[in-house]
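Everything on this sheet refers to the single structure shown next.
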Amino acid sequence: MWQEVNTLVVDLTYLKTEQLGKTELDRKAIFDLYCENEKGEKFIVEMQKSKQNFFKDRSLYYATFPIQEQAEKSDWNYELKAVYTIGILDFIFDSDKNESDKYRYDVKLQDIDTNKTFYDKLTFIYFEMPKFNKSIEQLETRFDKWLYVLKNLHKLDRLPEKLKEETFEKVFEVAEIAKFTRDEFISYEDSLKYYRDLKNSLDTARFEEKEKMAILMLNDNEPIDKISKYTGLTANEIERIKNH
């Protein structure tokens, strides 16, 4: 069984997808997705359809951009946040093309003699998708399911029973929207806007009702924790109502 990635992206902030060099003459690095989690760790995600010369060199070059951008202009102790490069590859590395079971790579800097990780803040993770040939019945882990979805999503007209989990249902829904024609997408956006407007009106009405109850309880000198319990408002929200 493959070891899962030992970091969890809890909250993604999508950043600019084009990283420039230090001057106008520097080459540009174009990422499919560049984001960071709440710890400030950086993630480069690339979908690579065709094999190209010096792919590993290019991958390393791209990883230098989120490293360099962490440099601080004032006094700085050189501490860096971790950088992960994730490559979803539609080709096979020549070096192990005969190893059919080897389709995931987890690469870090390590000492050759001890095989111990020397530096754990720079990680390259590659998936050779042509080698992943499990059928839907053979999927066992969440990792298996993700690889199956990545490889077969474009061929699925419905979500298989084995993948009916909230995460994959959301992925499938987004993929379906991506197939819309321009007119279908405009219609979808209009209906979504109507839903959001309606939901916002209902949420506002509910908050106003809670606010009225909080005011009555404040006038009766009820403690804030009790008001919070009965209204569902946070202590900060109640303090704001009290001050106004």
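The values are calculated or read from the model by the stated rules, or taken from the named source; none is laboratory data. Predicted model, so just to flag it, every value in this text is computed and none were measured. Here the Cβ is made from the backbone with ideal geometry for all residues, glycine too, and neighbour counts use every protein chain on show.
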Residue that is nearest to Val83 (Cα to Cα), among those in the range 142-175 that are modelled with pLDDT under 85 and not in a helix (DSSP H, G or I): Leu156
Within the range 131-141, is even one residue surrounded by 17 or more Cβ atoms within 10 Å (Cβ to Cβ) and part of a strand (DSSP E or B)? no
In the range 39-57, which residues are in contact with a Ser or Thr (Cβ under 9 Å, 6 or more places away or on another chain) and of a type in the set (Ser, Thr, Tyr)? none
How many of the residues making up the range 37-64 are loosely packed, with under 13 Cβ neighbours inside 10 Å, of a type in the set (Asp, Glu) and at pLDDT 85 or above? 1
Can you give me the number of residues within the range 70-98 that are free of Cβ contacts under 8 Å to residues at least 24 places away in the same chain, surrounded by 11 or more Cβ atoms within 10 Å (Cβ to Cβ) and among the acidic types (Asp, Glu)? 1
Condition check: surrounded by 17 or more Cβ atoms within 10 Å (Cβ to Cβ) and at pLDDT 80 or above. Does Ile67 satisfy that? no
Just name the residue that is nearest to the chain's Cα centre (by Cα) out of those in the range 69-100 that are within 23 Å of Lys121 (Cα to Cα) and among the charged types (D, E, K, R). Lys81
For the range 110-123, does any single residue satisfy the condition of being farther than 26 Å from Ser50 by Cβ, in the same structural domain as Asp57 (by TED's automatic domain parsing) and touching a residue at least 12 places away in the same chain (Cβ under 8 Å)? yes
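Please work out if Leu80 is more than 18 Å from Lys51 (Cβ to Cβ), assigned to a loop (DSSP other than H, G, I, E, B) and of a type in the set (A, V, I, L, M, F, W, C).
yes
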